[in-house]
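The values are calculated or read from the model by the stated rules, or taken from the named source; none is laboratory data. Nothing here was measured: the structure is a model prediction, and the numbers come from that model. FYI the Cβ positions are ideal-geometry reconstructions off the backbone, even for glycines, and counts take in every protein chain you see. Protein only, heavy atoms only, side chains kept; ligands, DNA and RNA dropped before computing areas. Shrake-Rupley method; radii C 1.70, N 1.55, O 1.52, S 1.80 Å.
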Amino acid sequence: MDAYLNELSLCTYPTHEAARDSFKNFGECMKLLGGFGITCIRVPEDLGNHCFIHGTSYYQIIRDNNFIDDEDLRTLMKSALGTLFQEKEIEDKYYITDMNIGNVPCKGLGLACEQVTNSVAISFTHEKWTAPTYWVSITVLDDEAEPESFLSETRNICNQQQCQTHKDSLIKRKAFLVQTGYELWLKRNELFPNLKFCEGVKAQMKSLKNATSELEQVIIKLCELQSVASRCTIEKGIQESDFTSKVSYESRQREKDLRDRLTFLCPDGKNHLCSWHARYTPGAGRIHFYSVESDKVFYIAYIGPKIIQE
């Protein structure tokens, strides 16, 4: 998934120190975004020639060992900022004729907005571009070639805290690019770092039909479980109210009748009774899991039809 540089954040800093801090902050944000599925930052064609310090361009800065003494950061800034905006391609696809914020053209914020690529814009340190979200005006041509304008929200990141603010939504966005159950299994650790999957789930995921509503619903539920797992604490435990959808604990009677079938060998090498379950449709789908609040981890033990007595 691509992110987009907010070109409106490009400026000339008054001192070398201010520019250096901005580059370091930008690089740290890029590192975090890489873990959320962002593979590159698309940039305007003239970025290389922009002077971040009077008389010193972007290209000169990233080649200057005295300015950026972190070799990893310099390599990251060279590689990840090497892909140009593809606005012509996207404008043709969506019939976009204008993208602006406050009547100022904004390619990066516009391309990243929810109604276009639903990605994220990233800004260099700039006093005017510090908000985590902005509303962008998009103008498109309708079926009769008449202009139609609407507002679309776009995510913006200018510091590491905002990376965390948008973490869940970006991971969800990344997850929905998955088209098959097998791909979901292969990318499980990348997409859901707080979920650990029992080995039996591999076959259950692979059996999900490609690009179906069932696969989509499983992804939705796993995203929610990931979000709750990442926030859980041993002091509070987990409650049904922590979830936005139907997630509950098995009744005492079902737990008693189905104890053997609800017990699974989990990634810690132990057998656990996995009574917690999320529900999904179509059908009576269930995702059973066991919570380990001390590690902020859920063991995903089962994905499939409602478990019944044989």
_Odd one out for ILE61 among (1) assigned to a helix (DSSP H, G or I); (2) closer than 17 Å to ALA19 by Cβ; (3) open to solvent by 40 Å² or more (accessible area, probe 1.4 Å)_ = (3)
*Looking only at the stretch 157-183, which residues are over 13 Å from LEU32 (Cβ atoms), in contact with a Leu (Cβ under 7 Å, 6 or more places away or on another chain) and either modelled with pLDDT of 90 or more or in a loop (DSSP other than H, G, I, E, B) (or both)?*
VAL178, GLY181
*asked:* Tell me yes or no: at least one residue of the stretch 252-261 is surrounded by fewer than 19 Cβ atoms within 10 Å (Cβ to Cβ) and either over 16 Å from ILE308 (Cα atoms) or touching a helix residue (DSSP H, G or I) at 6+ places or on another chain (Cβ under 7 Å) (or both).
replied: no
*Are there any pairs, at least 6 apart or on different chains, whose C-beta atoms fall under 7 Å, with the first in the stretch 270-291 and more than 19 Å from GLU240 (Cβ to Cβ) and open to solvent by 40 Å² or more (accessible area, probe 1.4 Å) and the second in a strand (DSSP E or B) and modelled with pLDDT under 95, and if so, which?*
GLY283/PRO305
_Consider the stretch 79-113. How many of its residues are in a helix (DSSP H, G or I) and surrounded by 13 or more Cβ atoms within 10 Å (Cβ to Cβ)?_
11
*Within the stretch 9-22, considering residues that are touching a residue at least 60 places away in the same chain (Cβ under 8 Å) and either among the β-branched types (Val, Ile, Thr) or out of contact with any Ser or Thr (no Cβ under 8 Å at 6 or more places or on another chain) (or both), the one farthest from LYS88 (Cα to Cα)*: CYS11
*Scanning for something assigned to a loop (DSSP other than H, G, I, E, B), exposed (fewer than 12 other Cβ atoms within 10 Å of the Cβ) and of a type in the set (S, T, N, Q), does the stretch 208-215 turn up at least one residue?*
yes
*Starting from the stretch 219-244, keep only residues that are in contact (Cβ under 8 Å) with a residue 12 or more places away in the chain and closer than 25 Å to LEU208 by Cβ, then list their pairs with residues that are open to solvent by 20 Å² or more (accessible area, probe 1.4 Å) and among the acidic types (Asp, Glu) whose Cβ atoms are within a distance under 6 Å, requiring at least 6 positions of separation or different chains.*
SER227/ASP168; VAL228/ASP242
*asked:* Considering only residues that are in contact with a helix residue (DSSP H, G or I) (Cβ under 8 Å, 6 or more places away or on another chain) and not in a strand (DSSP E or B), which ones fall in the stretch 49-58?
replied: ASN49, HIS50, TYR58
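Listed here are the residues, each with its yes/no results for (1) of a type in the set (A, V, I, L, M); (2) on the phi < 0 side of the Ramachandran plot; (3) free of Cβ contacts under 8 Å to residues at least 12 places away in the same chain.
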site: ILE41; (1), (2), (3): yes, yes, no
site: ASP46; (1), (2), (3): no, yes, yes
site: ARG74; (1), (2), (3): no, yes, no
site: THR83; (1), (2), (3): no, yes, no
site: ILE90; (1), (2), (3): yes, yes, no
site: TYR94; (1), (2), (3): no, yes, no
*Given the conditions (1) closer than 21 Å to PRO193 by Cβ; (2) without any contact (Cβ under 8 Å) to a residue 60 or more places away in the chain, which single one is not true for ALA131?*
(1)
*Could you check VAL116 against (1) more than 20 Å from SER9 (Cα to Cα); (2) open to solvent by less than 50 Å² (accessible area, probe 1.4 Å); (3) in contact with a Leu (Cβ under 8 Å, 6 or more places away or on another chain) and say which number it fails?*
(3)
*asked:* Looking at the stretch 20-47 only, could you name the residues that are in contact with a Phe, Trp or Tyr (Cβ under 7 Å, 6 or more places away or on another chain) and either more than 24 Å from GLU87 (Cβ to Cβ) or loosely packed, with under 15 Cβ neighbours inside 10 Å (or both)?
replied: ARG20, SER22
